[in-house]
């Protein structure tokens with residue numbers, strides 16, 4: 001007996017499957033970013049060609065290796081847990097084959113591979129973008145410090161005046177050969193010592209603010225960041241007779257961010273509030289209330305910061321444009337249009353949001369929210 005089976009249809013389907021596999025493999029390999037397929041243990045079971053272009057690793061170098069090998073071992077975060085529970089990871093440091101560390105954003109999607117649960121992970125190199133952002137932020141800081149130079153000089157002049165008065169009194173007594181009472185000497189020494197500490201604190205804070213900020217996150221006390229930003233700017237507000245009201249909720253949970261960068265955000269908002277108040281004061285006949293209100297709260301698991309002013313406000317048609325680079329409502333020569341754009345980007349980097357409520361000729365309220373960190377401070 002002989003049996004003949006027509007396998008033409010089967011052959012045609014096999015060829016079709018091969019063509020489909022080749023097409024999708026070509027697409028996979030030519031995605032412009034590195035793509036990794038991870039199994040349930042987070043071992044790399046497949047990757048595309050761009051892994052070599054960005055990391056320097058060949059495919060055979062990384063297959064069956066843990067994806068976490070790309071993270072810096074010094075980092076204290078549990079990256080494996082984050083990969084399993086997150087959809088995105090921002091500004092993560094990755095190690096390349098030949099040493100240089102790069103910053104990447106990571107997108108994670110649950111998937112399947114050979115019928116088994118898997119993770120599809122895409123990384124994008126943001127190192128150059130971060131470098132440009134750092135340069136813009138630093139330039140903005142230097143502009144802010146330059147603008148505040150008069151107020152800073154006034155702030156430093158007070159402790160210097162006290163020390164000069166005390167030292168002149170002591171020298172005068174010494175030249176005349178007159179004794180100085182122990183109580184008077186103790187009081188003057190105490191005044192000199194406390195005002196040296198004050199001047200030193202001002203200089204140290206300015207130096208800390210002026211240095212280049214990193215991009216790595218840490219647990220940050222929002223109230224402390226607000227207070228430090230206000231301290232560097234308060235004297236200038238006093239000179240312009242602008243009252244600052246604070247309503248800071250105590251015992252707020254920390255947020256995952258960078259202290260130096262958050263200070264830049266709050267100082268940018270204080271600068272804008274000051275300018276809006278000054279604009280209103282110049283344009284309106286009746287002397288308006290000159291006030292800035294700072295408020296923090298914990299709402300629905302998010303830390304909320306509000307910076308409100310009694311300034312000129314923002315015309316309704318322009319509200320949607322204020323976070324765009326180089327857009328400004330200030331008169332020529334008073335603003336670059338980068339402050340709010342930089343601040344908006346910084347807030348987004350820390351999974352936060354930034355919104356504004358404003359009425360023309362009545363004032364504005366900038367509202368920032370950040371996820372509360374579960375990490376102990």
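The values are calculated or read from the model by the stated rules, or taken from the named source; none is laboratory data. The shown structure was predicted, so the numbers you read here are calculated from the model rather than taken from an experiment. Because the Cβ atoms are built from the backbone with ideal geometry, glycine has one as well, and the counts that use them run over all protein chains shown.
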Out of the residues in region 252-289 that are assigned to a loop (DSSP other than H, G, I, E, B) and at pLDDT below 90, state the one that is nearest to residue 302 (Cα to Cα).
-> 258
Taking region 115-129 and keeping only residues that are within 21 Å of the chain's Cα centre (by Cα), in contact (Cβ under 8 Å) with a residue 40 or more places away in the chain and buried (at least 16 other Cβ atoms within 10 Å of the Cβ), one is left with 123, 125
Quick one: count up the residues across region 80-109 that are within 18 Å of residue 45 (Cβ to Cβ) and not in a strand (DSSP E or B).
-> 3
Would you call residue 171 modelled with pLDDT of 85 or more and part of a helix (DSSP H, G or I)?
-> yes
From 183, 112, residue being in a strand (DSSP E or B), exposed (fewer than 15 other Cβ atoms within 10 Å of the Cβ) and modelled with pLDDT of 85 or more | 112
With (1) more than 18 Å from the chain's Cα centre (by Cα); (2) surrounded by 12 or more Cβ atoms within 10 Å (Cβ to Cβ); (3) not in a strand (DSSP E or B) as the list, and residue 138 as the residue in question, which single condition is left unmet?
-> (1)
Give region 55-65 a look and list any residue that's surrounded by 15 or more Cβ atoms within 10 Å (Cβ to Cβ) and either in contact with a strand residue (DSSP E or B) (Cβ under 6 Å, 6 or more places away or on another chain) or not assigned by TED's automatic domain parsing to the domain that holds residue 119 (or both), or say none.
-> 62
